[in-house]
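Student: This is the structure I want to talk about, given as structure tokens.
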Amino acid sequence: MINTLNNFIVLEGLDGAGTTTQLKKLKGELDKIGYNSYITNEPTSQPIGKLVRSVLSGDFKTTPLALAILYSADREDHLNNEEYGIIKQIHDNKLVISDRYFYSSLAYQGVNCNFEKVVELNKDFPHPQILIYIKTPVEVCLSRIDSRGEKKEIFEKRGFLSQVNNNYNKVLENLPKEVNLITIDGTLSIEEITTIMVKEVKKILCK
Ligand code: TMP
């Protein structure tokens, strides 16, 4: 039996897919109909997450495996921290919505590390009740990242993102049936994506 967490929703997608925008939209729409939702993200803003961000910005260089371990350590804290962790939020009757979770590690760290090793590092984390995947072509993501005009992070490159894309496809094909997967076309407008996402999420939550 697969371990899933009710009242836990995860958004995933390539860099530039728009998960952060949709996370806020989803919270707004669900709160309007009476849910008490709590949005969060990985890497987190806690100390381990900050260390991860310093690797992403290129300030701290380490090995792919050390980075994979840091992501999973950040996730362990994100999930189980007694003060602010996801489990605590759910116990406090929040509907938790996270921008990224361990599927990102499988897709991203799976490129430069042994895939099975990354699975092993993440195998004890519960799956969410709902996984929303914003499926966006690599080229569309790259042009959105370019148009931001910000300094690029280490993963925001064509060849790398194509491999991440392949890993996401592999991971989603093998998702346990207990997880409710919502895949949305990321080339639609922000409003269209929000409409589809909210409709599908409500259907599952109201089952
Ligand atoms: P963000 O752009 O959503 O803030 O995420 C930061 C980057 O970290 C993004 O390129 C995806 C990457 N990432 C991983 O490589 N592995 C992980 O486990 C997570 C959560 C994010």
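Student: Would you pick out the residues in the range 80-94 that are within 27 Å of residue 18 (Cβ to Cβ) and surrounded by fewer than 23 Cβ atoms within 10 Å (Cβ to Cβ)?
Tutor: The answer is 84, 85, 89, 90, 94.
A quick yes/no check of all residues on (1) among the hydroxyl-bearing types (Ser, Thr, Tyr); (2) within 17 Å of the chain's Cα centre (by Cα):
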site: 33; (1), (2): no, no
site: 44; (1), (2): yes, yes
site: 49; (1), (2): no, yes
site: 85; (1), (2): no, yes
site: 99; (1), (2): no, yes
site: 115; (1), (2): no, no
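Student: A further question on this structure: Inspect all residues belonging to the range 158-177 and state whether any of them is more than 19 Å from the chain's Cα centre (by Cα) and either within 14 Å of residue 26 (Cβ to Cβ) or within 16 Å of the ligand (Cβ to nearest atom) (or both).
Tutor: Yes: one or more hits.
Student: Now for a different question. Is there any pair with a first residue in the range 93-116 that is farther than 13 Å from residue 11 by Cβ and a second that is in a loop (DSSP other than H, G, I, E, B) and modelled with pLDDT under 95 whose Cβ atoms are under 8 Å apart and which are 6 or more apart or on different chains, and what are they?
Tutor: 108/155
Student: List pairs: first in the range 30-57 and without any contact (Cβ under 8 Å) to a residue 12 or more places away in the chain, second among the charged types (D, E, K, R) and outside any helix (DSSP H, G or I), Cβ under 9 Å, 6+ apart or cross-chain?
Tutor: The qualifying pairs are 53/59; 53/153.
Student: Evaluate the following for residue 200: is it free of Cβ contacts under 8 Å to residues at least 12 places away in the same chain and not polar (S, T, N, Q)?
Tutor: So residue 200 fails the test.
Student: I'd like to know if the range 13-22 contains one or more residues that are within 12 Å of the ligand (Cβ to nearest atom), hydrophobic (A, V, I, L, M, F, W, C) and assigned to a loop (DSSP other than H, G, I, E, B).
Tutor: For the range 13-22, residues within 12 Å of the ligand (Cβ to nearest atom), hydrophobic (A, V, I, L, M, F, W, C) and assigned to a loop (DSSP other than H, G, I, E, B): present.
Student: Considering only the range 97-129, state which residues are crowded, with 23+ Cβ neighbours inside 10 Å and more than 10 Å from the ligand (Cβ to nearest atom).
Tutor: Correct list: 97, 128.
Student: Still on this structure, I have one more. Assess whether residue 83 counts as being more than 14 Å from the ligand (Cβ to nearest atom), more than 27 Å from residue 180 (Cβ to Cβ) and of a type outside the set (Phe, Trp, Tyr).
Tutor: yes
Student: Right, another one. Given the structure, is residue 9 out of contact with any helix residue (DSSP H, G or I) (no Cβ under 6 Å at 6 or more places or on another chain), aliphatic (A, V, I, L, M) and surrounded by fewer than 17 Cβ atoms within 10 Å (Cβ to Cβ)?
Tutor: No: the conditions fail for residue 9.
One line per residue, one yes/no per condition, for (1) part of a helix (DSSP H, G or I); (2) farther than 25 Å from residue 2 by Cβ:
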position	(1), (2)
58	no, yes
66	yes, yes
71	yes, no
88	yes, no
109	yes, no
121	yes, no
128	no, no
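The values are calculated or read from the model by the stated rules, or taken from the named source; none is laboratory data. Computed from a prediction, not measured in an experiment: that's the story for all the values here. Cβ: placed from backbone, ideal geometry, glycine included. Neighbour counts: every protein chain shown.
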